[in-house]
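Report on the structure given below.
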Amino acid sequence: MTGALPVLYSFRRCPYAIRARMTLRYSGVQVELREVVLRDMPRELLACSPKATVPVLVLPDGNVIEESRDIMQWTLAQHDPHHWQPQPGSPGAAVAQDLITANDLEFKPQLDRYKYAERYPQHSRAWYRSQGERFLADLEQRLTGHAWLLGDHISIADIAIFPFIRQFALVDRAWFDAGTWLHLRHWLDGLLQAELFTAVMHKYPAWRSGEPGSLFP
Ligand SMILES: N[C@@H](CCC(=O)N[C@@H](CS)C(=O)NCC(=O)O)C(=O)O
């Protein structure tokens with residue numbers, strides 16, 4: 001493995017890591033992928049990112065990008081062939097930022113409580129689900145009459161949010177399929193079937209210290 005590549009510490013099923021890998025694959029920026037075990041984070045990762053979450057991107061110059069959203073931004077700044085990134089200062093740019101923030105700060109905690117309701121006995125699973133449904137309703141409205149969240153063009157917002165909607169739907173797919181999320185379901189299923197997603201879900205062996213990682217994409 002060449003030492004000149006950025007190193008991506010990743011975990012296959014982590015939604016934050018999925019959106020980072022999808023963006024890297026789209027942009028064609030090559031990295032050395034190191035698949036981690038969450039409960040046994042490698043010391044190399046902890047040395048450069050003590051907060052101990054994935055994904056983390058370590059650049060060849062030693063800079064460390066510790067947030068998946070920043071990894072997406074950095075990657076698109078390298079190469080963005082189909083303009084996932086809205087024009088800076090455009091209304092689309094503001095909407096994308098707001099949607100991703102709502103996803104990360106409001107919807108993700110609701111998703112966790114819905115998914116792991118037994119750990120949060122204050123409310124029922126259905127109650128936590130109803131909290132998350134408000135975000136689904138917003139997305140459904142945006143997708144009514146448009147293929148993508150910002151309009152007729154796929155963007156960073158679709159990819160940043162998709163892995164979390166996937167998880168939400170997976171908690172009880174029968175419930176999700178029976179709901180009124182016609183356009184959201186279509187959007188989700190399209191992305192689930194896209195090569196961009198299926199390819200980044202390839203299973204890599206857990207990385208071991210001192211061994212080369214895997215070339216990605
Ligand atoms: N804000 C971070 C969140 C990353 C995150 O929470 N990743 C989870 C996995 S999905 C993690 O590494 N958790 C550490 C653990 O469970 O020990 C980002 O966007 O990258």
### Query
In Å, the Kirkwood hydrodynamic radius of the range 105-208 over pairs of distinct alpha carbons?
14.8
### Query
Taking other Cβ within 10 Å of each residue's Cβ, how do Ser10, Ser49 sort, fewest first?
Ser49, Ser10
## Note on the structure
Percent of all Cα-Cα pairs per 10 Å bin for the range 1-59, counting from 0 up to the last occupied bin, reads 24, 56, 20, 0
### Task
Count the DSSP beta bridges whose two residues both fall in the chain, then state the antiparallel fraction as a percent rounded to the nearest 5.
65
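Can you put Arg25, Arg39 in order of Cβ neighbours within 10 angstrom, beginning with the fewest?
On the way: Arg25 18, Arg39 5.
If I rank by nearby Cβ atoms, fewest first, I get Arg39, Arg25.
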### Summary
Of every Cα-Cα pair in the chain, the percentage lying beyond 20 Å is 60
### Task
Using only alpha carbon positions, build the gyration tensor of the range 55-117, then give the equivalent ellipsoid semi-axes as the square roots of 5 times its eigenvalues, largest first, whole angstrom.
25, 20, 9
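Relative contact order, percent, of the range 83-217 when contacts are C-alpha pairs under 8 Å separated by at least 6 residues? Working shown, then result.
On the way: 98 pairs, mean separation 30.0, N = 135.
Computed value for the range 83-217: 22 percent relative contact order.
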### Message
Tell me the Kirkwood radius of the range 1-121: reciprocal of the mean inverse pair distance over distinct alpha-carbon atoms, in Å.
### Response
15.7
### Task
Using only Cα positions of the range 130-172, each an equal point scatterer, no hydration layer, compute I(q)/I(0) via Debye at q = 0.13, 0.19, 0.34 Å⁻¹ and quote the log10 values to two decimals.
-0.28, -0.59, -1.20
### Query
Can you give the helix-only mean residue ellipticity at 222 nm for the chain, where every DSSP H stretch with n ≥ 4 adds -39500 (n - 2.57) and the sum goes over all residues, rounded to the nearest 500 deg cm²/dmol?
-15000 deg cm²/dmol
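Jot down the per residue volume, in cubic angstrom and as a whole number, of the convex hull over the alpha-carbon atoms of the range 171-211. Walk me through the numbers before you get to the answer.
Details: hull volume 4.1 nm³, N = 41.
With only Cα atoms used, the range 171-211 gives 100 Å³ per residue.
Each reported figure results from applying straightforward, stated rules to the coordinates on display, with no laboratory input. Quick caveat: nothing in here was measured; it's all calculated off a predicted structure. FYI the Cβ positions are ideal-geometry reconstructions off the backbone, even for glycines, and counts take in every protein chain you see.
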